[in-house]
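For reference, the structure discussed in these notes is given below.
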Amino acid sequence: AQSVTQPDIHITVSEGASLELRCNYSYGATPYLFWYVQSPGQGLQLLLKYFSGDTLVQGIKGFEAEFKRSQSSFNLRKPSVHWSDAAEYFCAVAPNGATNKLIFGTGTLLAVQP
Amino acid sequence: KAGVTQTPRYLIKTRGQQVTLSCSPISGHRSVSWYQQTPGQGLQFLFEYFSETQRNKGNFPGRFSGRQFSNSRSEMNVSTLELGDSALYLCASSLDGGELFFGEGSRLTVL
């Protein structure tokens, strides 16, 4: 069965520091991969997605992610974190291309120190 | 363009009752998906409707049901509520196969 693992439950970074959030997936074929962000009391917002092609994907708010098939990973990065980036981040996979039926990781809660 | 609207935003029910949650998708979106979010289980897919037909279903008991109307608005119903049904229920709409746009959710507390 397909699954998504986010090994870091909680991460704290200083404002201005770089960020990398880890995501590993379990899926036989080339998966459709997503990163979503959820601010407190809000729904989820799509940051970026990977379907095929260039393995380095650019998203909104200065985020990027790199698909590495050999490591079954799709890590999210940002070179310089802003206080407004504090939120929960979810990695997700669409099994068999069913983008309306996502399997989510457990999320990583990001705290940003001034 | 208005986003996905979910009502009510907050509600409290007691065990054994039933609840109906509503979702109005973005205009033009024909696909509506529902997800349950809890601290213990995370985000889990409930079901997806497209053109009034359930197209995909997650692994939830039959107490959880849904429907979609001709204007693409969707409702989900949970009968015989249990304490474990306390959760944030998120609705998402899409054109079909594209980006999911999520609403802010309906937070259900079961006492």
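If you keep only loop residues by DSSP, which chymotrypsin sites (Phe, Trp or Tyr not before Pro) in region A:1-91 have at most 15 other Cβ atoms within 10 Å of their Cβ?
Sites meeting the loop and neighbour criteria: A:PHE51.
With r defined as the distance between the Cβ atoms of B:ARG9 and A:HIS82 and R0 fixed at 30 Å, what FRET efficiency is calculated, to the nearest 0.05?
Between B:ARG9 and A:HIS82 the formula returns 0.60.
Just for chain B, what percent of DSSP beta bridges are antiparallel, to the closest 5?
Approximately 90 percent, going by the DSSP bridge assignments.
Please state, as a whole number in µm²/s, the translational diffusion coefficient that the Stokes-Einstein equation yields for chain B at 10 °C and 1.306 mPa s, with Rh defined as the Kirkwood radius across alpha carbon pairs.
115 µm²/s
Dimensions of region B:43-94 along principal axes (Cα, Å, largest first)?
Here the spans come out as 32, 21, 17 Å, largest first.
Report, as an integer, the average count of C-beta atoms from other chains found within 10 Å of each Cβ along A:33-45.
Numbers: counts 0, 2, 0, 3, 0, 6, 0, 0, 5, 4, 15, 11, 4.
Other-chain Cβ atoms within 10 Å of each residue's Cβ, averaged: 4.
Restricting the calculation to Cα positions, tell me the Rg (one decimal) and the Dmax (whole number) of the protein assembly as shown in Å.
17.5, 51
We did not get these values from a lab; they are worked out from the coordinates using the rules stated. Predicted model, so just to flag it, every value in this text is computed and none were measured. Here Cβ is always computed from backbone atoms with ideal geometry, including for glycine, and neighbour counts include all displayed protein chains.
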